[in-house]
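To start, the structure under review is shown below, and the notes come after it.
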Amino acid sequence: MDNDREVEIFTFKLLHSWYNGISGTPGPDPCPRLGTGVWSRCPGDLTRGRHMDSISEERIKNILDSADVRYSYNLAKELENIRSNPALGYRSAGSEAEHEAGELIFNRMVEAGFSNVRKDRVDVDAWEFKRAVIKVVVDGKERQMQLGAYQTNFTTEGYERVQIVDAGKGTLEDYEELERLGISVEGKLVMAEINQREEWWINFPVYQAKLKGAKGFIAVQAGGYGEVAENALNAQDIAGPSDAPAFSISRSDADCIKKCMAQITDDVGNDRECTVLFDAYTRVMPNASSYNIVGEIPGENPDRMILLSGHYDSYFSGFQDDNTAVSMLIEIGRMLIKSNYKPHNTIVLCAMAAEEWGVINSKYDWSTGAYEEVFTVHPEWRGKVIADLNFELPAFAHGNKDYVRSTYEYRNFFRRILKEYPGNLHEAYPDGVGTKAPIQTWSDDFSVAISGIPSTVNEFAGGKFMESHYHSQYDSDEFYDERVYLFHHKLYAYILLRLDGMSVAPIDFTTLCDELLHRFDRDICDDRSAADELVQAVTDLKLEALRVNEVVEGRNCPERAFTGADDGYSYDGEAGENHGVRARDNDDMRIESELLKAFALAQDTLVTLNWQDDVLFPYETAMNDVVFLGKAIDALSSEKDIDKPLARIKNALNWIYRIDNNQYAFKFEKAVYEYFTGYVLNQPRERLKWGYGRIIHHENLFDVVRSLIDKLKAMDENVDVSHELSVLIQARVRQQNYLVLDVKNTTQYVKEITQIIHNCLY
């Protein structure tokens, strides 16, 4: 018995004992149907062959060995040539280039032999970016500069003369400094340094410039992204209004413009602005259409599906992000067809449009194509698709260790599957492959997950590439690693084969339970009975989940599968993999239906977001805010620093900045803060997409922050902060009440999930 299993059994026994102690009554028999132990199963190897799949190891090897990464690589390179901007690339939502790329993918799916190849139309806001070029004279020589762009409106009739003002970092303080110098930004382009990874998002300084009357905003890449070279550009989603134009300029070109500014100092005494020639075409078109390109490999169960996905829109040339992913999902489908594999379930392959951006003026303006596919075009997939394998940047190593990231409910399945993988998990990664959960908001798999489809993605967020090459013109095949690419083809093809062999989707709620308890600090909740009830409810859910796991494991074991050809799928003499495999019976379908229903309910009720787009449980927002407010209150009223009021203010501010979106309150004027707060809390579902209703209990502390900053600037050691302290105390009471409410609601949701999966047992 391996260590993981021993820990699993010990944990179960402990929980079972704890259950008895809490309830005062005997707990349920842990495994009433199949005997003792957490994972009691049919006889045989504990680490292999647990699935309803009679496909032989040799057959699996032949399928995996059929991977043709040269085909995938060539298709990824072919997509590079389709671009809106001849100099930089770009295949943005609803653009002519995206439509052309979709046509190419459509044709490749037809050529591969997929069935029902189609274009699923989705509603998006479209963006066409054709050019942004500056000409400036420096040292007597004209220099031409290519600029990137954000999803906003700005067009010229050829080159136009325009002034550029250096606005430092584009904060309110920087504009106040310009005003003191007598420099107006009205009708001019504002240039400012920005680090979107470590400071604030592009939308804040862009909207601040708009309020100051600027003609547009040019972001200098000051670290965070595009760190590969001084001439690197960067592109991200704007998450703001389309009538506040924005562009991106490299550090080297920005330095050149600043040099131009310095050279005219002798003439006019102003080294903060200069005149350039500017030619640009960036246009946003609301209420447009794009197309998700879909193909199928029909299965014996046409209404039961496995989804493969990746997006084909891109910034710049998009070789890694995400040409290689789309190419890989097509090749995995080709591997099945080339090997004459006949799947039990219909395999659906979907090249998603509009992942990078697709909706105007929304905080949640990415993953639009995927959201529309699963919520609008195919809402019936909920309850029919047992898994989504989504791919992002799969053609190079993001570190020494690879990860399969999934929803909580599939993590244990992947842990076991990785142990079964017939190849070498270390051949492309020195430290092997692990698992992570939950799904995050970074890519299409989040939209798919919250629709009720368990989703997975190859982990791609780590590593230096994301800070250096990601979303820049350096996203090319320079980092292409054929060994890694081939490994991902084989690993995810293997995962697909194993999922296809499952009689019942291996949905396991125990990891969810563990995280619900791990992230909950009952000592923070003032209502101890509510806290104890949540712990009890989660404990009950885990006990029930363990019983259901036992049943699911038994129904998926191979010995049960071999009951004779007459009971199941017809024998295919050429393919051979379905020989002797029984048909899914009514109990299989009933159990899986309940598990998928429970999964969907968990997504609907237990998944919330913070303002940094991290995935949280409902009680976490208020719980964190209670802690941060408490720290701020303690700082302002600290006896330790009673004679150092300014130090107390600084300490308090550091905690307040961590509450909701108050981290930006001190850098931009109130109208900016309120705009980007309101458009999250007050916009309809069709604008907020996958983020709708998932930010809760916002605490607006703008006035407190500004007041404390003003008092800090005054340098008055006798400053009175009693008013600010009173506001913070009231806020903490408010958040504590929210916390109690969220704990009670979470308890109710957990009980409902428990009841649903309980139905699996009868």
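The values are calculated or read from the model by the stated rules, or taken from the named source; none is laboratory data. Everything numeric here is computed off the predicted structure, so don't read it as measured data. Note that we place each Cβ from the backbone using ideal geometry, even for glycine, and neighbour counts take in every protein chain shown.
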Filter result (touching a helix residue (DSSP H, G or I) at 6+ places or on another chain (Cβ under 8 Å) and part of a loop (DSSP other than H, G, I, E, B)) within segment 168-182: G168, K169, G170, T171
Test for Y225: is it buried (at least 24 other Cβ atoms within 10 Å of the Cβ), in contact with a Lys or Arg (Cβ under 9 Å, 6 or more places away or on another chain) and at pLDDT 95 or above: no
Flag if E230 is in a loop (DSSP other than H, G, I, E, B), within 27 Å of Q473 (Cβ to Cβ) and more than 28 Å from the chain's Cα centre (by Cα): yes
Residues located in segment 228-250, provided they are modelled with pLDDT under 95, of a type outside the set (G, A, S) and surrounded by fewer than 21 Cβ atoms within 10 Å (Cβ to Cβ): V228, E230, N231
R161 over 31 Å from the mean Cα position of the chain (by Cα), free of Cβ contacts under 8 Å to residues at least 40 places away in the same chain and not assigned by TED's automatic domain parsing to the domain that holds Y675: no
Scope segment 145-157; condition under 20 Å from C274 (Cβ atoms) and either at pLDDT below 95 or assigned to a loop (DSSP other than H, G, I, E, B) (or both); matching residues: L147, T156
Some residue of segment 350-372 being over 23 Å from F114 (Cβ atoms), under 19 Å from the mean Cα position of the chain (by Cα) and modelled with pLDDT under 95: no
Which listed residue is more than 30 Å from K338 (Cβ to Cβ), part of a strand (DSSP E or B) and in contact (Cβ under 8 Å) with a residue 12 or more places away in the chain, from V117, V137: V137
Any hit, segment 599-615, residues being over 26 Å from E515 (Cα atoms), in contact (Cβ under 8 Å) with a residue 40 or more places away in the chain and either part of a helix (DSSP H, G or I) or in contact with an Asp or Glu (Cβ under 9 Å, 6 or more places away or on another chain) (or both): no
Scope segment 154-176; condition under 15 Å from P205 (Cα atoms) and not basic (K, R); matching residues: V165, D166, A167, G168, G170, T171, L172, E173, D174, Y175, E176
Among (1) in contact with a strand residue (DSSP E or B) (Cβ under 6 Å, 6 or more places away or on another chain); (2) among the acidic types (D, E); (3) at positive phi, the one test that D139 misses: (1)
Qualifying residues in segment 689-739 (those that are small (G, A, S) and buried (at least 18 other Cβ atoms within 10 Å of the Cβ)) - the one farthest from D445 (Cα to Cα): A731
Members of segment 534-551 that are of a type in the set (S, T, N, Q) and within 30 Å of the chain's Cα centre (by Cα): T539, N549
Among the residues listed as N292, N301, the single one being surrounded by 19 or more Cβ atoms within 10 Å (Cβ to Cβ) and either at pLDDT 95 or above or at negative phi (or both): N292
